Structures are given as C-alpha cells and as structure tokens.
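Beneath this line is the structure, given in structure tokens, with notes to follow.
The values are calculated or read from the model by the stated rules, or taken from the named source; none is laboratory data. These figures come from a predicted structure and were not determined experimentally. Backbone-built Cβ (ideal geometry, glycine too); neighbour counts: all protein chains shown.
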Amino acid sequence: MKTRKYFPVLFLLLAFTPVQAADKPKLTIDDFFNSVDFPSVKLSPDGRSVVITTDRADWEQNTFREDLWLYRDGANGGGTLTQLTYSGSDERPQWSPDGHWIAFLSERKSGSGSAGSDCSGPTTRDIEGQQLYLISPDGGEAFPVSQGGEVHSFAWSADSSTLYFATRQPWTKTQTDAYQKEWKDVCEYRESERGDAIFSMSVADAIARAAAAGAAPKPDADEVPDSTPGAQRIADTPWRADELVASPDGKRLAFVGMPVSQREEKVSEFELFGVDLANSSSAPKQLTHNEAVEESIRWAKDSKHVLFMVDVGSVEGKYKDTQKRLYWVDADSGETQRWAGDFGGAVNAYAVASDGGVLATGRLGTEVQIYSEGGNSAAFSKKEGWAGTYDQVSAVAGSPRLALVYSSLQKPTEIYLAESADKLQDARPITSFNKPFTERDLPQGKPYRWKAEDGTSVEGMLMYPPGKFEQKNLPMFVFIHGGPADADGNHFEADWYVWDRLAATQGWLVFEPNYRGSAGYGDKFLMGIVPQIVSRPGKDILEGVDALVKDGIADPDHLAVGGYSYGGYMTNWLITQTTRFKAAVTGAGAVEHVANWGNDDTTFDDAYFLGGVPWEAQPRYHDEAAIFQINKVKTPTHMVAGSDDIRVAVLEDYLLEHALHNLGVPSSLLILPGEGHELDKNPWHGKIKVREELKWLQKYGGIM
C-alpha cells in the first residue's frame with residue numbers, strides 16, 4: 001500500500017499570498033502544460049469531506065492521468081488533502097449516501113484484455129475495460145466489484161445497500177464464438193451494435209466476495225462471463241444507458257438513452273428513460289419525447305421529477321440551438337417544464353440544493369456566477385461572489401456547504417469550500433495544485449466591446465503581454481474560440497486548446513472575440529449565425545479587428561489569426577476574406593460542408609446551422625465553404641489534426657493543405673497519431689502543437 005500524501009490547509013492558504021509581478025519570472029511552455037484540471041468535485045453527504053478528480057499530464061508515460069484525492073475537515077478548523085488512488089485511470093467518483101464508501105470507474109488492467117469497440121465484434125476483447133470500484137474514505141486499497149463488460153454508468157441506492165450499473169448486453173461464450181467464426185475481423189458498421197443491460201448488486205455481498213477472493217473474481221481464460229457474479233439483471237434497453245441515477249425514495253432509476261455508437265446522427269436517438277424498481281421486468285419507460293440532447297440528469301428531492309440540461313436541440317418544438325437550458329420532467333406524466341426561464345444567459349451547470357431548489361452556474365457576457373432558484377417558477381437569483389468563473393458546484397441534502405471550482409484571469413483554477421451559497425466571498429481554497437502559476441508574471445486582460453455593421457454590440461477579451469497592460473499599437477493575435485456556443489471571459493485556462501497566456505507572454509496582444517454564435521449574450525445573438533455559419537461571425541470578428549486598429553490598440557502591420565475546431569472553421573474562412581493577417585494557425589477546422597456533414601459525428605447541428613441537409617441547401621453549403629474561395633489565400637498557414645478525428649474529419653485538413661500547397665502558399669501540417677478531436681491521448685501532442693504554433697506566429701507574424 002502506498003503512503004498517502006497530506007497537505008495541511010495552512011500551506012494551501014499560503015499558496016495565494018501575492019508576490020510582486022516584478023519579482024516573478026515569465027511563464028514558460030513547461031510551466032503552462034503542467035497545469036491540473038478538475039473533471040469532478042463531489043461533496044460528502046455530511047458536507048465535511050470532498051472527493052476530487054485531478055487530470056494532469058504524465059510526461060514519462062505519454063498519457064494523461066486521472067486520480068482521486070480526498071479533502072477532510074481537520075479538528076482545529078483546518079483540513080488535509082490525501083491522494084486516494086494512484087492508477088491514473090480513476091474517474092466519476094460518487095459517495096455512498098451513508099458516506100462510508102466512494103464508488104468510481106477505472107480502466108485498470110485486469111483479466112483478459114481491454115475494451116474493444118462495437119465494430120470489432122463481441123470477442124474476448126470486449127469483456128474488460130472500465131469497471132466499477134469501491135474505496136473507503138478511511139483508508140485501504142480500492143477493489144473492483146464488477147467484471148466482464150465495460151461499465152458505462154452506475155448509481156447508489158438511497159440506503160447505500162445496492163449499486164446499479166449498466167453494461168453492454170452480455171453474450172455467452174457460444175454466442176461470441178459463433179459471431180467470431182462468421183465475421184472474422186470484418187466490421188458490421190451498425191449491425192454489430194447492441195444495447196445495454198442494467199444490473200443491481202448487493203454492496204455487502206460484493207464486498208464479501210472481494211474480501212474472500214482478495215479482489216473481484218476474474219473470468220477463466222477460456223470463458224466470457226455472462227455478468228458480474230451475484231448481480232441481478234433488472235432491465236434491458238436498445239440504447240447505451242448513460243448517467244444512471246437513483247431516486248431519493250429508492251423506487252426508480254433514470255438514465256440518458258443514447259446511440260450505442262455514441263455518434264450524434266439523429267436527435268431522436270437521445271431521450272430520458274425511467275426504470276420502475278418494483279416492476280423491473282417491464283421495459284424502461286421513455287420519459288421525454290423531444291428534439292433535444294438531454295444531459296446532466298439528477299432526481300429532484302421529490303423523487304417525482306428528473307432534472308436535466310439541454311445544450312443542443314429544443315425541448316419546446318422543432319430542433320434549434322439555444323443557450324444551455326435547465327428543465328425537469330415529471331416521471332409519471334411526462335410533462336416538461338423549464339427552470340430559470342427569466343435568465344438571459346446560459347445555464348452552464350447545476351446542483352440540487354439542500355432545500356430542494358437548485359444552485360446553478362450561469363454565464364452572462366464574460367462572467368460565470370452562481371445563481372439560486374427555489375422552484376421552476378421562481379426567480380433566478382444571483383448570489384454574491386467574486387468576479388470570475390465558477391464551475392462544478394457540488395451540494396448535498398445534509399449540509400448547506402458547497403464545494404466548487406473557481407478561477408479568474410489571474411487566479412488559477414482551484415477547488416474551494418464555502419459554508420453556504422450566501423458566503424461565497426468567504427470561500428476558502430482546499431487545493432493548491434496550480435500554485436506555480438501564481439509565481440509567474442501572468443498577462444493581464446479585460447473585456448473589449450465594439451459595434452457590428454448592423455448595430456449589434458459584440459464583446460471579446462483582450463489579453464495583454466506582461467508589463468504592457470493597456471499599451472497601444474501592439475502586434476495582435478486574433479484567437480477564436482470553438483463551439484461555436486462557447487465564450488471567452490474572466491477565467492483561467494491552460495491547455496493546448498486555450499494558450500492565450502503563452503501567446504501574450506511572447507509579446508502578442510491576444511484578442512478573443514465572442515462573435516455571434518457565442519453563449520452568454522441571449523438566444524437571438526447565439527442563433528444569429530444561422531444559416532450564415534461562417535460569414536456572419538466572420539464579419540463580427542473582422543469588425544472587431546477594425547475597431548481595435550482604429551482605437552490605436554492593435555498594430556495593423558502585425559496581425560495574426562488562429563483557432564481550433566469551430567475556431568479552425570473561422571480561421572480557414574477569414575484567410576479567404578482578407579490578406580491582412582501575416583500568419584494563421586488552424587486546427588480541426590472544415591473547409592467545406594458536404595463531406596464534413598457526412599463524416600462528422602454530430603450531423604444534426606451541422607444541418608441546422610446551414611439551413612438543411614446537403615441536398616436541401618446546396619447553395620449555402622457552397623457559399624459558406626472556404627474551399628471555393630481558397631485561391632484568395634496569401635497567409636502562411638500552419639495546420640494540425642488528430643489522425644482519428646471524426647468530429648471534424650482529418651480529411652478536411654488534408655484538403656486544406658493540398659490546396660495551399662497547390663497554390664504555393666507557405667504551409668505546414670502536423671498529424672497527431674491516435675488522437676481524436678479532444679487531443680486527450682498523449683500530452684506531448686498538445687505541447688508540440690502549441691510549441692509549433694508559437695514558432696509559426698513568430699516566424700511569419702513579424703515580431704521579435
């Protein structure tokens with residue numbers, strides 16, 4: 001057993017002692033890529049402990065590692081932070097309602113292989129993968145309580161006696177052998193898919209089996225297990241059962257039903273379902289019937305309603321994308337109602353509060369603050385907190401305390417604990433993972449606003465080089481966010497996707513425009529890019545550049561542009577519209593829309609943005625595509641793509657590179673092996689990406 005590492009809160013508080021900027025060294029690329037993210041923060045049922053998931057680069061193993069940490073209150077008002085797990089593959093922790101156990105998912109290697117895709121066929125490669133583990137917050141090693149098919153989601157019963165989990169519907173060895181004999185290594189693209197089964201298991205029995213065997217039983221090398229020993233199959237579904245949750249009264253389960261392939265091809269393939277535990281032999285009941293993608297589900301305190309978020313699609317009618325919204329559905333009648341209907345911004349995340357209402361993070365402009373709502377018809381009320389960005393709010397029924405993530409432009413991301421929602425300004429940090437950033441001379445930033453040609457007010461962020469805050473005539477890098485329904489603002493981020501602080505440290509004024517299509521400015525503003533998917537936001541961005549030049553802030557002779565994903569779309573478009581940019585860096589951005597619609601795994605929103613599928617909106621697919629104006633490009637362009645990207649197929653980058661090479665425009669293309677759209681396989685890939693992008697800006701951007 002490894003010795004746990006303890007970090008007294010006294011040291012954590014010292015981490016935020018200010019140091020004069022003149023005494024601080026500049027931020028380096030090594031500093032930057034050693035940042036730590038927090039994918040999950042969960043407050044214990046009594047409010048006295050927090051389990052935290054950290055995500056950081058492991059440079060020696062060429063991977064990202066996720067580990068669990070535990071904060072506990074101390075006897076004298078302080079606290080300790082303890083590393084709970086060390087495997088590097090532990091995620092999605094959940095406290096048992098009695099606080100005695102923490103369950104989580106892990107891809108630790110055991111048994112006979114790792115998880116294969118559905119397209120590989122149901123061979124023995126499918127029987128391992130992500131499994132369900134338990135660990136005591138009081139000490140000891142984690143141990144698995146499931147085996148066989150990969151666990152997709154899980155939930156605790158209200159009395160902590162039962163764990164529910166979902167896996168792909170298991171096959172016997174006879175079925176597996178017959179399939180492999182017939183199909184060999186041939187991929188049945190859709191026909192090989194099969195849905196999930198939901199199981200229940202006694203926690204006491206699972207612990208006893210693990211203790212007797214030293215670990216959960218492992219399958220014989222020649223067998224494919226039907227299911228976890230002792231687990232009871234309670235429901236089958238043709239869908240993948242994601243985000244499984246149990247009602248507080250212990251009578252029902254709910255889950256998000258989504259395509260087995262996880263491709264977002266039809267919005268009708270995403271709905272909420274319920275399982276009646278008193279009559280589990282019946283098929284899961286479909287709770288929603290809409291044109292939206294439901295996510296982030298929780299049972300309300302009344303055990304009657306299921307709360308959920310919608311990021312894309314519409315609950316109210318025909319498909320359309322609005323800002324992120326919060327709803328609940330009556331699990332008996334199917335009636336759906338919206339929460340925070342009076343809020344003009346985007347509801348980013350939420351937690352069920354101790355009083356049965358909700359606490360939510362909401363974006364308005366460049367700020368993300370915490371709001372409360374006592375019921376779905378009550379007013380959405382802002383809580384008094386610090387300027388900046390709140391995220392990952394965790395609340396429990398048994399305590400008024402909140403655990404949350406907070407950051408601002410010059411305050412790195414950390415976990416905080418507040419005594420209540422009314423005491424956010426007194427919240428104290430319980431981690432200091434990103435303390436090194438406080439010891440560097442960080443760029444300063446502020447919002448910037450301009451008027452579009454049609455009179456619409458548009459906003460963005462300016463990040464100034466260290467020591468040059470609010471100086472004039474600076475070389476400017478236009479750094480375009482993705483989404484498009486995202487936004488730049490008063491927050492801290494340090495990764496391959498948002499590297500504005502590194503660009504500013506190298507002497508660039510970084511301009512991050514929240515063009516039409518961005519969240520936080522109302523639904524009309526967000527939907528303003530339909531069906532002008534690149535030309536409308538492109539005008540907003542260029543008008544912002546014009547305003548900065550006119551105000552004497554940006555040097556018109558030293559302009560560059562770049563972005564990734566939708567930011568890549570926009571970069572590819574903008575270099576066909578103007579030759580004023582001296583350098584461009586683009587990643588995972590399309591240059592046409594027909595093949596991209598066919599290869600993308602989120603095709604329904606592509607068709608929405610362009611006013612229809614390709615055969616319905618042919619002129620728009622042509623007019624909004626950079627490839628048909630690519631002969632206008634003069635800007636030296638650096639490109640990057642993941643070799644396995646299907647969100648924006650890597651073929652789009654090959655097409656752009658081939659066109660620029662044919663035209664004799666200076667260009668470079670980096671292909672990152674094994675990476676999808678998120679670049680989350682190997683941290684060296686993201687670091688090399690940004691390193692080369694910075695070199696490209698320096699080489700062609702004309703600053704020393």
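Out of all the residues in region 602-634, which are part of a loop (DSSP other than H, G, I, E, B) and acidic (Asp, Glu)? Show your work before the answer.
Taking region 602-634 first, the residues part of a loop (DSSP other than H, G, I, E, B) are 611-617, 624-625, 633-634.
Matches in region 602-634: Glu616, Glu624.
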Matching option when the condition is within 27 Å of the chain's Cα centre (by Cα) and surrounded by fewer than 19 Cβ atoms within 10 Å (Cβ to Cβ), among Pro436, Pro513: Pro436
Residues (assigned to a loop (DSSP other than H, G, I, E, B), crowded, with 19+ Cβ neighbours inside 10 Å and among the hydroxyl-bearing types (Ser, Thr, Tyr)) located in region 525-583: Ser565
Members of region 174-215 found to be without any contact (Cβ under 8 Å) to a residue 24 or more places away in the chain, exposed (fewer than 12 other Cβ atoms within 10 Å of the Cβ) and farther than 23 Å from Gln262 by Cα, listed by number: Thr174, Lys181, Glu182, Lys184, Ala211, Ala212, Gly214
Pair list, Cβ < 7 Å and 6+ apart or interchain, from region 52-74 residues that are at pLDDT 95 or above to residues that are of a type in the set (Asp, Glu) and assigned to a loop (DSSP other than H, G, I, E, B): Phe64/Asp680
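Do we find a residue being of a type in the set (S, T, N, Q) and surrounded by fewer than 20 Cβ atoms within 10 Å (Cβ to Cβ) anywhere in region 240-251?
Initial filter on region 240-251 (of a type in the set (S, T, N, Q)): 247.
Restricting the remaining residues to those that are surrounded by fewer than 20 Cβ atoms within 10 Å (Cβ to Cβ) gives none.
No: region 240-251 contains no residue that is of a type in the set (S, T, N, Q) and surrounded by fewer than 20 Cβ atoms within 10 Å (Cβ to Cβ).
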Where a residue in region 540-562 is free of Cβ contacts under 8 Å to residues at least 40 places away in the same chain and its partner, wherever it lies, is of a type outside the set (S, T, N, Q) and assigned to a helix (DSSP H, G or I), with Cβ under 6 Å and at least six apart: Pro556/Val549
Close pairs from region 267-279: first farther than 14 Å from Ser247 by Cβ, partner surrounded by fewer than 18 Cβ atoms within 10 Å (Cβ to Cβ), Cβ under 6 Å, at least 6 apart: Val267/Tyr319; Glu271/Gln286
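Can you pull out every residue in region 414-462 that is basic (Lys, Arg) and in contact with a strand residue (DSSP E or B) (Cβ under 8 Å, 6 or more places away or on another chain)?
Keep residues of region 414-462 that are basic (Lys, Arg), which gives 423, 428, 435, 440, 446, 449, 451.
Arg428, Lys435, Arg440, Lys446, Arg449, Lys451, listed by residue number.
Out of everything in region 418-431 that is touching a residue at least 60 places away in the same chain (Cβ under 8 Å) and buried (at least 21 other Cβ atoms within 10 Å of the Cβ), what residue ends up being farthest from Gly78 (Cα to Cα)?
Restricting attention to region 418-431, the residues satisfying the condition of being touching a residue at least 60 places away in the same chain (Cβ under 8 Å) are 421, 428-431.
Retained after the next criterion (residues that are buried (at least 21 other Cβ atoms within 10 Å of the Cβ)): 421, 430-431.
Details: Ala421: 20, Ile430: 9, Thr431: 12 Å.
Per the criteria, the residue is Ala421.
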Subset of region 149-173 [within 18 Å of Met258 (Cα to Cα) and aliphatic (A, V, I, L, M)]: Val151, Ala155, Ala166
Residue within region 686-697 that is in contact with a strand residue (DSSP E or B) (Cβ under 9 Å, 6 or more places away or on another chain) and over 24 Å from Asp495 (Cα atoms) present: no
Among residues of region 659-677, those that are part of a loop (DSSP other than H, G, I, E, B), of a type outside the set (Val, Ile, Thr) and at negative phi, counted: 5
